[in-house]
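Taking it in order: structure first as structure tokens, then the write-up.
The values are calculated or read from the model by the stated rules, or taken from the named source; none is laboratory data. Predicted model, so just to flag it, every value in this text is computed and none were measured. All Cβ positions, even for glycine, are placed from backbone atoms using ideal geometry, and neighbour counts span all protein chains on display. Ligands, DNA and RNA are excluded from the accessible area calculation, which covers all protein heavy atoms including side chains. Shrake-Rupley method; radii C 1.70, N 1.55, O 1.52, S 1.80 Å.
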Amino acid sequence: MSNQVEFGKNNLRIYDKKFIKFISYSEIKKRTKVITDEIKRDYKGKEPVIVVILKGAIFFAAELMKNLDFPLRVETLKAKSYGNQMKSSGKVELFITCEDLEGKDIILVEDIIDTGLTISTVVKELLNYRPNSIKIATLLLKTKKFKADLKIDYCGFEIPDKFVIGFGLDFAEFGRNLKHIYILE
Ligand code: 5GP
């Protein structure tokens, strides 16, 4: 293992940054189940398209979809805004490979929403595909800086304005594979 990353029991270090365990996988699982029950109710009789925002939302999307027992389609797009820093660059780059969204009911799945810039850029872009509807599901929402004029339909956890990693979320590409969510100490 590289010496850039060091694991403890309930903490870890990446480069010079220390993180401590914040939300356990069992809490994530429990909360995701509640959200999927809501989605099941809302999409009864429909065949939504789950649009996963890469790379961060892969774990959350998988956890959600495991519990959805109706036909659905999965598409992906890639959004880049952070770079290797802990601060947003203020610019969002999108790489969209989604197919056949016209007239469809989209559930956009995101890992974390901070200011809301990324998700509102994605929504604006997807509206060009003329879907029937777009709803937003995010695992984490940092409420402090959120200022987008958007409804967040499904939210796992509201969290403080601190940097987090794990369960798909990275710091300089490290930490995505962590089972739990960790917060900067
Ligand atoms: P926003 O555009 O809402 O300000 O920021 C959302 C994007 O910034 C997310 O898609 C994610 O890539 C990144 N981001 C925001 N906060 C965090 C965080 O605490 N940890 C990580 N790893 N990424 C974050």
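Among the residues making up segment 98-138, a single one is open to solvent by 10 Å² or more (accessible area, probe 1.4 Å), touching a residue at least 60 places away in the same chain (Cβ under 8 Å) and within 16 Å of the ligand (Cβ to nearest atom): Thr118. When residues in segment 1-24 are screened for being without any contact (Cβ under 8 Å) to a residue 60 or more places away in the chain and open to solvent by less than 70 Å² (accessible area, probe 1.4 Å), 3 of them pass. Does segment 170-184 include one or more residues that are among the hydrophobic types (A, V, I, L, M, F, W, C), touching an Asp or Glu at 6+ places or on another chain (Cβ under 8 Å) and either modelled with pLDDT of 95 or more or under 29 Å from Leu101 (Cα atoms) (or both)? Within segment 170-184 (the criterion being among the hydrophobic types (A, V, I, L, M, F, W, C), touching an Asp or Glu at 6+ places or on another chain (Cβ under 8 Å) and either modelled with pLDDT of 95 or more or under 29 Å from Leu101 (Cα atoms) (or both)), the answer is no, since none of the residues qualifies. In summary, Tyr154 fulfils each of the numbered conditions (1) out of contact with any Lys or Arg (no Cβ under 9 Å at 6 or more places or on another chain); (2) farther than 15 Å from Lys55 by Cβ with the single exception of condition (1).
Listed here are the residues, each with its yes/no results for (1) open to solvent by 40 Å² or more (accessible area, probe 1.4 Å); (2) within 16 Å of the ligand (Cβ to nearest atom); (3) within 14 Å of the chain's Cα centre (by Cα).
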| position | (1), (2), (3) |
| --- | --- |
| Glu47 | yes, no, no |
| Leu54 | yes, yes, yes |
| Ile58 | yes, yes, yes |
| Leu72 | yes, no, no |
| Lys78 | yes, yes, yes |
| Lys87 | yes, yes, no |
| Ile96 | yes, yes, no |
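Restricting attention to segment 157-181, which residues are more than 9 Å from the ligand (Cβ to nearest atom) and either on the phi < 0 side of the Ramachandran plot or open to solvent by 40 Å² or more (accessible area, probe 1.4 Å) (or both)? Passing the criteria: Phe157, Glu158, Pro160, Glu173, Phe174, Asn177, Leu178, Lys179, His180, Ile181. Taking the stated definitions as given, is Lys91 over 20 Å from Glu63 (Cβ atoms) and either open to solvent by 20 Å² or more (accessible area, probe 1.4 Å) or among the hydroxyl-bearing types (Ser, Thr, Tyr) (or both)? Against the criterion (over 20 Å from Glu63 (Cβ atoms) and either open to solvent by 20 Å² or more (accessible area, probe 1.4 Å) or among the hydroxyl-bearing types (Ser, Thr, Tyr) (or both)), Lys91 qualifies. Note on segment 25-38: among residues that are within 16 Å of the chain's Cα centre (by Cα) and open to solvent by less than 60 Å² (accessible area, probe 1.4 Å), the one that is farthest from Ser133 (Cα to Cα) is Tyr25. Taken as a whole, segment 143-155 holds no residue that is in a strand (DSSP E or B), within 12 Å of the ligand (Cβ to nearest atom) and either within 14 Å of the chain's Cα centre (by Cα) or without any contact (Cβ under 8 Å) to a residue 24 or more places away in the chain (or both).
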